[in-house]
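Following: one structure in C-alpha coordinates, then a few remarks.
The values are calculated or read from the model by the stated rules, or taken from the named source; none is laboratory data. Note that this is a predicted model, so its numbers are computed, not measured. FYI the Cβ positions are ideal-geometry reconstructions off the backbone, even for glycines, and counts take in every protein chain you see. Heads up: the accessible areas ignore ligands, DNA and RNA and are worked out on the full protein's heavy atoms, side chains in. Shrake-Rupley method; radii C 1.70, N 1.55, O 1.52, S 1.80 Å.
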Amino acid sequence: MNLTGGIVLFTVLWFLTLFVVMPIGQRSQADDGEIVPGTHAGAPSGTPWRRKLIVTTLIAGAIWAVIAGVILGGFVTRADISNLDALIR
(Lines give C-alpha, C1' and ligand atoms only; values in the text may rest on other atoms or scores of the structure.)
Protein backbone atom coordinates (compact mmCIF):
# COMPACT_ATOMS: atom_id res chain seq x y z
CA MET A 1 0.00 0.00 0.00
CA ASN A 2 1.43 3.36 -0.98
CA LEU A 3 0.80 6.78 0.59
CA THR A 4 -2.12 7.63 -1.70
CA GLY A 5 -3.78 4.27 -1.03
CA GLY A 6 -3.38 4.75 2.71
CA ILE A 7 -4.93 8.23 2.58
CA VAL A 8 -7.84 7.04 0.43
CA LEU A 9 -8.44 4.06 2.72
CA PHE A 10 -8.43 6.29 5.82
CA THR A 11 -10.77 8.82 4.20
CA VAL A 12 -13.29 6.17 3.18
CA LEU A 13 -13.16 4.57 6.63
CA TRP A 14 -13.49 7.97 8.31
CA PHE A 15 -16.66 8.91 6.43
CA LEU A 16 -18.21 5.45 6.94
CA THR A 17 -17.45 5.69 10.64
CA LEU A 18 -18.87 9.22 10.80
CA PHE A 19 -22.20 8.05 9.39
CA VAL A 20 -22.31 5.31 12.03
CA VAL A 21 -21.32 7.62 14.91
CA MET A 22 -23.57 10.59 14.00
CA PRO A 23 -26.90 9.20 15.23
CA ILE A 24 -25.48 7.75 18.46
CA GLY A 25 -26.70 9.78 21.43
CA GLN A 26 -28.60 12.26 19.24
CA ARG A 27 -31.45 14.05 21.00
CA SER A 28 -34.45 15.43 19.18
CA GLN A 29 -36.10 18.77 19.79
CA ALA A 30 -39.07 16.92 21.27
CA ASP A 31 -36.74 15.19 23.76
CA ASP A 32 -35.39 18.56 24.88
CA GLY A 33 -38.85 20.16 24.96
CA GLU A 34 -37.74 23.12 22.83
CA ILE A 35 -39.29 22.82 19.37
CA VAL A 36 -38.22 25.62 17.03
CA PRO A 37 -41.25 26.95 15.09
CA GLY A 38 -41.29 25.67 11.51
CA THR A 39 -39.24 22.55 12.21
CA HIS A 40 -40.23 18.96 12.86
CA ALA A 41 -40.29 17.80 16.47
CA GLY A 42 -37.92 14.96 15.52
CA ALA A 43 -35.27 17.35 14.20
CA PRO A 44 -31.95 17.14 16.06
CA SER A 45 -31.18 19.68 18.73
CA GLY A 46 -27.59 20.63 19.31
CA THR A 47 -25.13 18.08 17.98
CA PRO A 48 -21.82 17.83 19.90
CA TRP A 49 -19.73 17.92 16.71
CA ARG A 50 -16.31 18.20 18.30
CA ARG A 51 -16.79 15.06 20.38
CA LYS A 52 -18.30 13.12 17.46
CA LEU A 53 -15.45 14.09 15.12
CA ILE A 54 -12.83 13.07 17.68
CA VAL A 55 -14.53 9.72 18.31
CA THR A 56 -14.86 9.18 14.55
CA THR A 57 -11.17 9.89 14.00
CA LEU A 58 -10.10 7.53 16.81
CA ILE A 59 -12.29 4.66 15.63
CA ALA A 60 -11.35 5.12 11.95
CA GLY A 61 -7.67 5.29 12.93
CA ALA A 62 -7.91 2.01 14.82
CA ILE A 63 -9.70 0.26 11.95
CA TRP A 64 -7.19 1.73 9.47
CA ALA A 65 -4.25 0.50 11.56
CA VAL A 66 -5.60 -3.06 11.59
CA ILE A 67 -6.28 -3.09 7.84
CA ALA A 68 -2.92 -1.46 7.05
CA GLY A 69 -1.17 -4.00 9.28
CA VAL A 70 -2.82 -6.87 7.42
CA ILE A 71 -1.90 -5.40 4.04
CA LEU A 72 1.64 -4.30 4.88
CA GLY A 73 2.36 -7.41 6.95
CA GLY A 74 1.76 -9.59 3.92
CA PHE A 75 -1.03 -11.63 5.53
CA VAL A 76 -3.19 -11.02 2.45
CA THR A 77 -1.60 -10.40 -0.95
CA ARG A 78 -2.96 -9.71 -4.40
CA ALA A 79 -2.13 -13.28 -5.37
CA ASP A 80 -4.28 -14.56 -2.49
CA ILE A 81 -7.20 -12.49 -3.69
CA SER A 82 -6.80 -13.58 -7.31
CA ASN A 83 -6.74 -17.24 -6.20
CA LEU A 84 -10.10 -17.00 -4.43
CA ASP A 85 -11.84 -18.26 -7.58
CA ALA A 86 -9.94 -21.54 -7.35
CA LEU A 87 -10.96 -22.01 -3.72
CA ILE A 88 -14.65 -21.51 -4.46
CA ARG A 89 -14.80 -24.14 -7.22
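Note on the chain: helix-only mean residue ellipticity at 222 nm, from DSSP H runs of 4+ residues weighted -39500 (n - 2.57) and normalised by residue number, equals -19500 deg cm²/dmol. Its Cα gyration tensor gives the range 1-47 an equivalent ellipsoid, and the semi-axes of that ellipsoid, as √(5λ) in whole Å with the largest first, are 36, 9, 6.
Plugging the Kirkwood radius over Cα pairs into Stokes-Einstein for the range 38-83, at a temperature of 4 °C and a viscosity of 1.567 mPa s, what D comes out in µm²/s? Provide the component values of the computation, followed by the final result.
Working: Rh = 14.0 Å.
For these conditions, the coefficient is 92 µm²/s.
Once C-alpha pairs closer than 8 Å and six or more residues apart are averaged by separation and normalised to the residue number of the chain, the relative contact order reads 34 percent.
Rg then Dmax, both in Å and based on the Cα atoms of the chain: 20.1, 62. Roughly speaking, to the nearest percent, how much of the chain's 1.4 Å accessible area is carbon and sulfur? The computed percentage sits at 70. To the nearest 10 degrees, how steep is helix 3-21 against the longest Cα principal axis of the chain, on a 0 to 90 scale? For 3-21 against the chain, the angle is about 40 degrees. The order of Met1, Met22 by accessible area, most exposed first and with a 1.4 Å probe, is Met1, Met22.
Just flag the chymotrypsin sites (Phe, Trp or Tyr not before Pro) in the range 1-80 sitting in loop per DSSP whose Cβ has no more than 14 other Cβ atoms within 10 Å.
Working: sites: Phe10, Trp14, Phe15, Phe19, Trp49, Trp64, Phe75; in loops: Phe75.
Here the sparse-neighbourhood loop sites are Phe75.
Accessible area per residue for the range 29-89 is 79 Å², calculated with a 1.4 Å probe on protein heavy atoms, without ligands, DNA or RNA.
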